[in-house]
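Okay, so here's the structure we're looking at.
Computed from the coordinates by the stated procedures, all read-outs in this text should not be read as laboratory data. None of the values given here were measured: they were computed from a predicted structure. A quick note on method: Cβ atoms are made from the backbone with ideal geometry, for glycine too, and the neighbour counts reach across all protein chains shown.
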Amino acid sequence: MIRILHTADFHLDSPLKSLALRDEGLRSTVQTATRKAFTRLVDFSLTEDVSALLIAGDLFDGAERSAKTAAFLTGQLDRLKQADIPVFYIKGNHDAENPLTGEVSLPDNVHVFDGRGGRHQLGDTNIWIHGVSFSGRQAPDSLLPKFGSPEPDAVNIAMLHTSLAGSQGHDTYAPCSVTELSAMGFDYWALGHVHKRQVHSRAPWIVMPGIPQGRDIGEAGPKSATLLSIEDKTISISEVPTSAAEFLELKVDIGGCETDDEIRSHIRQHLQQVVDYLSADVGLVRVTVAGQTNRKWQVLRDQAAWKEIIAELARSTDRLGIEKTKFDLSEKAEGSAAKSAVGELEALMAEISKEPAFAATMRDLLDTLVNEIPTARRAHLLPNEEAAEQLVRSLYEDGAESILGAMKGASE
């Protein structure tokens with residue numbers, strides 16, 4: 001049996017945007033996660049007798065030059081060379097603008113396909129690897145015409161960096177359809193570009209392995225590479241876990257909790273359940289504390305303290321860190337005058353927030369503050385109008401909850 005590992009979209013040197021970077025204890029874990037994921041794949045290749053590694057584009061992230069990344073990558077690829085494991089690599093849209101591979105001599109076990117396309121035999125096997133790289137940053141047209149015909153009476157694997165017919169959140173590059181790929185005659189399509197894993201077809205295999213290491217909460221969940229097992233020209237596949245750090249979302253309903261001790265115990269139990277099912281070394285969790293409870297206002301009043309408590313509960317597991325804590329609590333129906341007064345204020349504040357004049361005032365205040373921030377930082381914080389509007393809403397909601405929480409909590 002021959003085993004081949006298929007991955008894509010490492011995005012080495014990617015600018016990290018995770019909120020976890022704000023936590024000094026988590027910063028190192030997040031910043032090194034992508035390299036650790038690559039190392040895990042190399043370790044797996046060495047220990048599990050893998051015959052080849054396929055990298056289907058976007059090994060790098062952009063035009064940034066990094067000597068440390070060059071040294072790291074060369075070192076890991078050299079480990080594969082020492083074990084006589086070849087690497088087949090096609091350049092994706094991000095790689096095409098990265099000068100690193102043109103300046104650093106990669107080990108000679110790495111075969112980089114060019115923009116004209118080509119094929120390469122895997123050692124003395126009857127397996128042929130076909131591939132086409134991006135020639136530039138854009139690939140608005142299909143790259144399928146650049147592929148030659150499959151080798152007859154052989155296993156043919158084709159590597160392509162593509163958005164297929166289009167995918168939300170990804171630019172359309174090297175467009176093509178599953179039907180077109182199926183008609184090409186290859187046995188396995190090793191795709192890259194879309195960060196969500198998906199098996200589009202089993203006959204032939206058309207596989208998008210997904211990003212091997214999530215970079216923020218938008219890429220939550222376990223990540224993996226795809227292992228091909230080939231025997232008598234029959235291909236089967238399985239997943240190989242790759243994430244060094246896994247981003248997760250956890251909702252904890254505290255509706256049945258009557259005391260602080262019960263809330264802490266409930267949250268602790270949920271965090272431990274996350275640890276029990278965690279496949280990565282570390283979990284970075286976005287916690288939402290939810291539920292209908294009489295303790296809504298006390299929790300909101302003391303939310304800064306609760307955030308620290310939840311962070312400490314996570315740290316005590318030795319495998320979790322808190323990426324962010326949110327509160328989505330509702331109050332059980334009560335009839336006291338004090339609660340009624342705060343309820344009226346809450347309704348009034350909600351109405352005011354819908355007024356155009358209020359929104360304009362909030363935006364003016366935000367613009368004044370943002371203008372004090374250096375230009376580069378400002379562009380990162382507010383890249384577009386939608387981000388600005390979202391920040392205004394978030395600031396209002398957080399401020400309203402803090403005020404109401406303090407008033408309601410003080411009345412009890």
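3J(HN,Hα) along the range 142-159, derived from phi through the Karplus expression 6.51 cos²θ - 1.76 cosθ + 1.60 where θ = phi - 60°, amounts to 4, 9, 4, x, 7, 7, x, 6, x, 5, x, 6, 9, 8, 10, 10, 10, 10 Hz, with x in place of Gly and Pro.
Please label the shape of the range 251-302 as rounded, prolate or oblate, based on the square roots a ≥ b ≥ c of the eigenvalues of the alpha-carbon gyration tensor (a/c under 1.5 means rounded; beyond that, a/b larger than b/c means prolate, else oblate). Taking the square roots of the gyration eigenvalues as a ≥ b ≥ c, the range 251-302 is prolate.
Does the range 143-230 classify as rounded, prolate or oblate by the C-alpha gyration tensor (a ≥ b ≥ c root eigenvalues; a/c under 1.5 gives rounded; else a/b over b/c gives prolate, otherwise oblate)?
Because a/c hits 1.5 or more and a/b fails to exceed b/c, the range 143-230 counts as oblate.
Pairs exceeding a 23 Å alpha-carbon distance, out of 36/326; 68/196; 251/332; 223/251; 91/223; 223/307: 36/326; 68/196; 223/307. Close amide H pairs (under 5 Å, H built 1.01 Å from N) link residue 111 with 87, 88, 89, residues at least 5 positions away or on another chain. Sorting 83-93, 118-128, 45-55 by their mean Cβ neighbour count within 10 Å, with the most densely packed peptide first, gives 83-93, 45-55, 118-128. Label-to-label distance, residue 373 versus residue 112, with points set 7 angstrom from Cα along the beta-carbon direction: 3.7 nm.
Label-to-label distance, residue 364 versus residue 258, with points set 7 angstrom from Cα along the beta-carbon direction: 5.1 nm. Judged by the ratio a/c of the largest to the smallest principal axis of the C-alpha gyration tensor, the range 128-281 counts as prolate, that ratio being 1.5 or greater while a/b is larger than b/c.
Inter-label distance, residue 288 to residue 43: 3.4 nm, where each label sits 7 Å from its Cα along the C-beta direction.
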